[in-house]
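The values are calculated or read from the model by the stated rules, or taken from the named source; none is laboratory data. Small disclaimer: the values here were computed from a predicted structure and weren't measured. Because the Cβ atoms are built from the backbone with ideal geometry, glycine has one as well, and the counts that use them run over all protein chains shown. Each accessible area value is taken on the protein alone, full model and side chains, heavy atoms only, with ligands, DNA and RNA left out. Shrake-Rupley method; radii C 1.70, N 1.55, O 1.52, S 1.80 Å.
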Amino acid sequence: MTEATFPLNAWYPAAWSHEIRHELAARTICDRDVVLYRRQDGQVAALEDACWHRLLPLSLGHLRGDEVVCGYHGLVFNAAGRCTYMPAQKTINPSACVRAYPAIEKHRMVWLWPGDPALADPAKIPDYHWNDGTEWVGEGGTFYSLKCDYRLIIDNLMDLTHESYVHAGSIGDDHVTAAPFDVTHTDRTATLTRWMIDIEPPPFWAKALGRPGHVDRWQIITFQAPCVVVGDVGVALTGTGAPKGDRSQGVNGAFLAAIAPETEKTCHYFWNFVRTFKTDDAELTGALNRAHVGDGNGLYEQDKTVLEAQQKAIDRNPRMPFYTLNIDAGALWARRLIDRMLASEQGVRPPSVAAE
Amino acid sequence: MTEATFPLNAWYPAAWSHEIRHELAARTICDRDVVLYRRQDGQVAALEDACWHRLLPLSLGHLRGDEVVCGYHGLVFNAAGRCTYMPAQKTINPSACVRAYPAIEKHRMVWLWPGDPALADPAKIPDYHWNDGTEWVGEGGTFYSLKCDYRLIIDNLMDLTHESYVHAGSIGDDHVTAAPFDVTHTDRTATLTRWMIDIEPPPFWAKALGRPGHVDRWQIITFQAPCVVVGDVGVALTGTGAPKGDRSQGVNGAFLAAIAPETEKTCHYFWNFVRTFKTDDAELTGALNRAHVGDGNGLYEQDKTVLEAQQKAIDRNPRMPFYTLNIDAGALWARRLIDRMLASEQGVRPPSVAAE
Amino acid sequence: MTEATFPLNAWYPAAWSHEIRHELAARTICDRDVVLYRRQDGQVAALEDACWHRLLPLSLGHLRGDEVVCGYHGLVFNAAGRCTYMPAQKTINPSACVRAYPAIEKHRMVWLWPGDPALADPAKIPDYHWNDGTEWVGEGGTFYSLKCDYRLIIDNLMDLTHESYVHAGSIGDDHVTAAPFDVTHTDRTATLTRWMIDIEPPPFWAKALGRPGHVDRWQIITFQAPCVVVGDVGVALTGTGAPKGDRSQGVNGAFLAAIAPETEKTCHYFWNFVRTFKTDDAELTGALNRAHVGDGNGLYEQDKTVLEAQQKAIDRNPRMPFYTLNIDAGALWARRLIDRMLASEQGVRPPSVAAE
């Protein structure tokens, strides 16, 4: 039996809001095949994507009002998963139903709870307000079925040292590796903070700032277990007080990552890069998106290459756990929070934090 | 160990007669790799497709008269599977042979018996006379390596309720679902009979009949265990006596299905649609064939989409046995007859029919 | 647990010399992922192709001098596999290293020792001097990831009876099968010798000889365990003393095979066909190469078809060991020598040769 890699009692991003219309859409989240659709009142419904009768994916059927008609024998299921029609029968088996998954739309994403519906507390949806499309501006995109364990992406984002190597020449330089950093945590979050004081800005940020001179650069990356990473990043002119909280002489962006395991070894990676500067510049919005995912060598495409190669290597070299370096402190905390959620689900007492 | 899904002591369709010439043809039937060829006297021979010596598929060799020469080291096997030549040896190991499978040509098909040759009774070849090309006319075709358990096709054909959903607009309408039906059975067959009295004919049959007015429509579908389904279908003008046996004011067709498991999860589906009306109309014959398998959305291609999706869903959701509805009565009987053959092969006492 | 199919304590061909430059090259040998590169002093280095830290293939990084920089977080490893730099750390974990594989360049090939480095005796590199590019002339090529157990190629080459069937019309004819042969062996080699006296030469050799008349044809094939086969082949005018050692009235070639298991069921097959006649004829060199691997039906491509089909059949028919014929005597000895190496590695007493 393989070890669980993702907790089930959690909200996972299932889709961008704009992807879900009044039509059936199939997606696999946490190894569960799900059919998603928007009801006529605008709410999102999510059902098990296999008919109660003969398992045909309901996503091959069609909607009739807010109900799903199976494409094989015409069984009908309402948005709660209950069967409301069976062909050539007057009585409907009262146990005939498919699973309905709690699904909530927030921050321009659809969040799905694959675990026990009774535990699906909307208050636990991750804070992802940067994605609202209001104060912060960005376009974003998705890597569907990216071929790695979703946790490898979290490792990646919680340690930006890799920028110096994977993204040399754009956002990465030796300052990132050289700067000290600090890690803090709560029950459900881990935050890595790195300040690079009085440095030459890397090309991307020099251009964004548009003013000459040395800068203070920050990377404040917060993980919300089990599947969201938000990186508050930016630069401000050195000596203008950014480390103390005054960012008025700087530019500020945020990378957003909401990741849903598809299977144990594949995931859907919903990403965005948003900013509070030049928010009306649509051309810049497009250019930033293309810089992340463009001609195959965008920033995140470089990561994808690394992540999928790493997964392949893990499959061939079952040497676990990884060896770790100082730079892995952020990722280690993220993993620890996930492990605790897993242990809690399995009724096992989670390892004590204090003892570590 | 997985449960057997097909009995071995049975005749399965291995090929259309016209496919087998005086040359080697490879095919996998019931997980057995077989090489088929027509002998010079016209009989069909079927051998294990792996040389006794080093397992090279004999189908990569060539025929010399009625014997097969291995393409690697030249060993020769006769049509009975016995080795008749070994390179650089004067004596031939008397145990050197490959399996020969009983194979018989009948009803324009080659039938193969993958099990114990001693039990291969030609009288057990299914009745498939509709395919003879005499009284009934049709062209037919094959789905090779269709990606589903062969029993899913039988389920599909034994319950034409699916026509209302999978084939809406051509042969399917609500009458099929609404009409009652009856199921009878013998030791080796199960028959589902459905009459739709005094209905508006669906487009296909209206055109075939070529006369206005309501009709009585029938579907009399007979399963011959383990792998043949024949559906006697048609319409006649209401009130002209079709339910009592007088079909003179109607048109009659039959869908023919002979299905061979290739593996546990793939099969070869030999199909035909034959008719007794307008039998000289070659254009109609072609049009009917294209209606079944045409541009990717023919009747049987619609079924293929459903069947392969269903198999995938079964692989992902090992919830068995299926839940069943009243409409599944025909399929259930078909499955039961297959299960009995399986039980009998495994020396297990088959479940009593009376008790059900 | 599957049985080992290749000994680890042996030199295997990893690459042609010309393939390895001062850049990173990935290759899998004996199920080990290896990154190869040429150091600035010309020596070849071979490291485990997975970073100590997070397993990313080092081949995705880059060289800095003679050291490899990981493409993820910048760890640096020297040619001995020791980590010499870790990001953001002053002290380097002394245990941080990747495996370094003994690799030696000889006879225009790079030989790699996947087993215990302490046992890697350069004197054990196979005699492959025919490939030096001095006395014997040829071009050669490689089948990378050929889909069969490497031992099937050895079986193939140790029994040229197959020429009569697989290569009929070029080098194969009935004389090969008809002629008697002799097998001798040492601890690490097996040699099959076949003389065909006073025969009509097959087309290839008739053309090479360029003189009319009957010939004496020889095939002297030597296996060096576990992975090299050299076939000394040629013809000389009958009666001029070739069988006694005088080949002056003949033409002489040698087929060379150095084979590295990639996995249990795939291998890299480095081949060459060299000759001592018309050694200045570059056009002939090219023509000979194309005769072996050309338009998909070259001599070795014919073998590839057979070998890969054989592997597939083995996977489907786990009937082992093979049945054997007299013609398999050479292959059997080769297998026996491999089996002894395997037994010796597993600490099992190898079967006695005398007893056979």
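Of the listed requirements (1) away from chain C (no Cβ under 14 Å); (2) in contact with a strand residue (DSSP E or B) (Cβ under 7 Å, 6 or more places away or on another chain), A:Gly330 misses just one: (1). In the condition set (1) buried (at least 23 other Cβ atoms within 10 Å of the Cβ); (2) modelled with pLDDT of 95 or more, C:Phe143 is compliant with all but (1).
Those strands (runs of 3 or more DSSP E) of region A:105-216 in which 1 or more residues are among the hydroxyl-bearing types (Ser, Thr, Tyr) and under 30 Å from A:Lys244 (Cα atoms) occupy A:181-185, A:189-199. Number of residues in region C:152-176 that are open to solvent by 30 Å² or more (accessible area, probe 1.4 Å) and touching a Pro at 6+ places or on another chain (Cβ under 9 Å): the value is 5. Across region C:292-311, the qualifying residues are those that are within 10 Å of chain B (Cβ to nearest Cβ) and without any contact (Cβ under 8 Å) to a residue 60 or more places away in the chain, and the one among them that is surrounded by the fewest Cβ atoms within 10 Å (Cβ to Cβ) is C:Thr305.
Residues in region C:53-73 that are over 13 Å from C:His22 (Cβ atoms) and either open to solvent by 10 Å² or more (accessible area, probe 1.4 Å) or in contact with a Ser or Thr (Cβ under 6 Å, 6 or more places away or on another chain) (or both): 7 in all.
The residue pairs whose first member lies in region C:1-26 and is farther than 19 Å from C:Asp339 by Cβ, whose second member is open to solvent by 40 Å² or more (accessible area, probe 1.4 Å) and part of a loop (DSSP other than H, G, I, E, B), and whose beta carbons are closer than 8 Å, counting only pairs six or more residues apart or on different chains, are C:Trp16/C:Arg108; C:Ser17/C:Arg108; C:His18/C:Arg108; C:His22/C:Arg39; C:His22/C:Gln40.
Scan region B:263-283 residue by residue and report those that are out of contact with any helix residue (DSSP H, G or I) (no Cβ under 9 Å at 6 or more places or on another chain) and among the aliphatic types (A, V, I, L, M). Correct list: B:Ala282 only.
A count restricted to region A:200-217 and to residues that are crowded, with 22+ Cβ neighbours inside 10 Å and either hydrophobic (A, V, I, L, M, F, W, C) or in contact (Cβ under 8 Å) with a residue 40 or more places away in the chain (or both) stands at 2.
Given the residues A:Thr189, A:Thr222, which is the only one that is within 24 Å of A:Ile29 (Cβ to Cβ), touching a residue at least 40 places away in the same chain (Cβ under 8 Å) and within 17 Å of the chain's Cα centre (by Cα)?
Details: A:Thr222 fails: touching a residue at least 40 places away in the same chain (Cβ under 8 Å).
Going through A:Thr189, A:Thr222 in turn, just one is within 24 Å of A:Ile29 (Cβ to Cβ), touching a residue at least 40 places away in the same chain (Cβ under 8 Å) and within 17 Å of the chain's Cα centre (by Cα): A:Thr189.
Looking across region A:78-92, just one residue is touching a residue at least 24 places away in the same chain (Cβ under 8 Å), touching a Cys at 6+ places or on another chain (Cβ under 7 Å) and either closer than 14 Å to B:Tyr165 by Cβ or in a loop (DSSP other than H, G, I, E, B) (or both), and that is A:Gly81.
Looking at region C:103-117, can you tell me whether even one residue there is under 26 Å from A:Asn317 (Cα atoms) and of a type in the set (Phe, Trp, Tyr)?
Within region C:103-117, the first condition is being under 26 Å from A:Asn317 (Cα atoms), and the residues that meet it are C:103-104, C:110-117.
From what is left, the residues that are of a type in the set (Phe, Trp, Tyr) are C:111, C:113.
Yes, region C:103-117 has at least one match.
Report whether or not A:Ile259 is surrounded by 18 or more Cβ atoms within 10 Å (Cβ to Cβ), within 19 Å of A:Thr222 (Cα to Cα) and within 14 Å of chain C (Cβ to nearest Cβ).
Working: surrounded by 18 or more Cβ atoms within 10 Å (Cβ to Cβ): yes; within 19 Å of A:Thr222 (Cα to Cα): yes; within 14 Å of chain C (Cβ to nearest Cβ): no.
Spelling it out, it is not the case that A:Ile259 is surrounded by 18 or more Cβ atoms within 10 Å (Cβ to Cβ), within 19 Å of A:Thr222 (Cα to Cα) and within 14 Å of chain C (Cβ to nearest Cβ).
Summed over region B:51-67, residues that are over 19 Å from C:Ile327 (Cβ atoms) and touching a strand residue (DSSP E or B) at 6+ places or on another chain (Cβ under 9 Å) total 7. You will find that of C:His18, C:His107, the residue that is under 26 Å from C:Gln224 (Cβ atoms), out of contact with any strand residue (DSSP E or B) (no Cβ under 7 Å at 6 or more places or on another chain), open to solvent by 40 Å² or more (accessible area, probe 1.4 Å) and more than 14 Å from chain A (Cβ to nearest Cβ) is C:His18 and no other.
I'm checking my understanding of the structure. Among residues of region A:177-191 that are among the hydrophobic types (A, V, I, L, M, F, W, C) and either within 24 Å of A:Leu288 (Cα to Cα) or facing chain C (nearest Cβ under 9 Å) (or both), which one is most open to solvent (accessible area, probe 1.4 Å)? Don't jump to the end; show me each part of the working.
Initially, region A:177-191 is screened for residues among the hydrophobic types (A, V, I, L, M, F, W, C), giving A:178-179, A:181, A:183, A:190.
Pick out the ones that are also either within 24 Å of A:Leu288 (Cα to Cα) or facing chain C (nearest Cβ under 9 Å) (or both) and you get A:178-179, A:181.
Working: A:Ala178: 82, A:Ala179: 13, A:Phe181: 59 Å².
This residue is A:Ala178.
Annotation: of all residues in region C:52-77 being more than 10 Å from every other protein chain (Cβ to nearest Cβ) and without any contact (Cβ under 8 Å) to a residue 24 or more places away in the chain, the one that is nearest to A:Glu163 (Cα to Cα) is C:Val76.
Restricting to region C:153-176, and then to whatever is in contact with a Gly (Cβ under 7 Å, 6 or more places away or on another chain) and free of Cβ contacts under 8 Å to residues at least 24 places away in the same chain, can you tell me which residue is farthest from the other protein chains (Cβ to nearest Cβ)? Walk me through it before giving the result.
Within region C:153-176, the first condition is being in contact with a Gly (Cβ under 7 Å, 6 or more places away or on another chain), and the residues that meet it are C:157-159, C:163-166.
Filter once more, keeping what is free of Cβ contacts under 8 Å to residues at least 24 places away in the same chain: C:163-165.
Values: C:Glu163: 10, C:Ser164: 6, C:Tyr165: 5 Å.
Of everything passing the filter in region C:153-176, C:Glu163 is farthest from the other protein chains (Cβ to nearest Cβ).
Considering region A:36-51, the residues that are crowded, with 24+ Cβ neighbours inside 10 Å and within 12 Å of another protein chain (Cβ to nearest Cβ) include one that is farthest from the chain's Cα centre (by Cα), namely A:Cys51. Taking the conditions exactly as written (touching a helix residue (DSSP H, G or I) at 6+ places or on another chain (Cβ under 9 Å) and either among the aromatic types (Phe, Trp, Tyr) or closer than 22 Å to A:Ala331 by Cα (or both)), does C:Leu47 satisfy them or not? Judged against the criteria, C:Leu47 is not a match.
Regarding region A:220-228, can at least one residue be identified that is modelled with pLDDT of 95 or more and polar (S, T, N, Q)? Outline the logic, then answer.
If we filter region A:220-228 for residues that are modelled with pLDDT of 95 or more, which is where we start, we get A:220-228.
From what is left, the residues that are polar (S, T, N, Q) are A:222, A:224.
The answer is yes, given that some residue of region A:220-228 is modelled with pLDDT of 95 or more and polar (S, T, N, Q).
Conditions (1) out of contact with any Leu (no Cβ under 9 Å at 6 or more places or on another chain); (2) farther than 15 Å from B:Gln219 by Cβ; (3) of a type in the set (A, V, I, L, M, F, W, C), marked per residue:
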| position | (1), (2), (3) |
| --- | --- |
| B:Gly141 | yes, yes, no |
| B:Ser145 | yes, yes, no |
| B:Ile153 | no, yes, yes |
| B:Asp159 | no, no, no |
| B:His167 | no, no, no |
| B:Thr189 | no, yes, no |
| B:Met196 | yes, no, yes |
| B:Ile199 | yes, no, yes |
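If I ask for residues that are open to solvent by less than 10 Å² (accessible area, probe 1.4 Å) and of a type outside the set (Lys, Arg), which ones from region A:270-287 would you list?
Filtering region A:270-287 for residues open to solvent by less than 10 Å² (accessible area, probe 1.4 Å) gives A:270-272, A:274-275.
Within region A:270-287, A:Phe270, A:Trp271, A:Asn272, A:Val274 qualify.
Taken over region C:94-131, the criterion of being of a type in the set (Lys, Arg) and closer than 25 Å to C:Gln346 by Cβ is satisfied by C:Arg99, C:Lys124.
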